[in-house]
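Report on the structure given below.
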Amino acid sequence: MDMYDPLTSRYTFSCPNRGEAKVPLSAFRRIEQLEGAAHPVVYRVRFACPCGEEHDGLVSHDDLDWAPLGLDGGVFLNLMTSRVEPVADELSDLAAVHIGAGEWPWSFFCYPEERPRPVFPSAFLLLAPGDGRLGLAVHCPACECTSVNLVTHEHVDVPFHNDREVGVVEHVFTGDVHATVEEFRAELWSSAFDARRLAL
Ligand SMILES: [Zn+2]
Ligand SMILES: [Zn+2]
């Protein structure tokens, strides 16, 4: 059984209370790459379950970054050159058209670099809901810094839906962001957000 259902944009995890839970990416609360030289790479995900609790689940790199695009693993989307290499025969037409037009499935605004950047869900560290939107901590693949954006749920859940403008926390997060979850959550909704355009 596929873990990700592209028709509903939902991941299936096991729930100790209900047996099974289907949640969108925006229900993830933290994403952490498992230590060690595991191949394929596996991520531990904490997610907000419809049963009301938070549980941990495991997601493969392919399911996290490629399944929402209708792609299997085996293709590599080069974030620096904007090229798909090597191109898989089964590259989904929709994703190919979007990417060929210079649109990215996900993006964020890197605060230290003062510029938008394309990104994949595996670079999302923390997601914190509040006031109808989502605080999103992203590990920048280019500068290795962590930025926090304020985005819509669709920005995360729907590939190629990028908010035209996102809120940006004017703070450079350093050190182990995972170790400062509570600080992040407390600081997030008391912070001043500055709007930045996200056009790449
Ligand atoms: Zn549950
Ligand atoms: Zn950056």
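The values are calculated or read from the model by the stated rules, or taken from the named source; none is laboratory data. Just so it is clear, the model here is predicted, and its values are computed rather than measured. Ideal geometry is used to build each Cβ from the backbone, glycine not excepted, and the neighbour counts take in all protein chains shown. These accessible areas exclude ligands, DNA and RNA; they are computed on the full protein's heavy atoms, side chains included. Shrake-Rupley method; radii C 1.70, N 1.55, O 1.52, S 1.80 Å.
Annotations
- Filtered by the rule that a residue be assigned to a strand (DSSP E or B) and charged (D, E, K, R), segment 1-24 gives Asp5, Arg10, Glu20, Lys22.
- Members of segment 19-41 found to be within 22 Å of His153 (Cβ to Cβ) and either open to solvent by 90 Å² or more (accessible area, probe 1.4 Å) or within 16 Å of ligand 2 (Cβ to nearest atom) (or both), listed by number: Glu20, Lys22
- Output for segment 107-156, where each listed residue is modelled with pLDDT under 95, touching a Pro at 6+ places or on another chain (Cβ under 8 Å) and closer than 13 Å to Ser26 by Cα: Gly135
- Boolean, Phe47 is free of Cβ contacts under 8 Å to residues at least 40 places away in the same chain, crowded, with 17+ Cβ neighbours inside 10 Å, within 13 Å of ligand 1 (Cβ to nearest atom) and not in a loop (DSSP other than H, G, I, E, B): yes
- Residue that is nearest to ligand 1 (Cβ to nearest atom), among those in segment 101-115 that are open to solvent by less than 20 Å² (accessible area, probe 1.4 Å) and either of a type in the set (Gly, Ala, Ser) or over 13 Å from Phe160 (Cβ atoms) (or both): Phe108
- Of all residues in segment 136-175, those that are in contact (Cβ under 8 Å) with a residue 60 or more places away in the chain and farther than 22 Å from Tyr4 by Cβ total 3.
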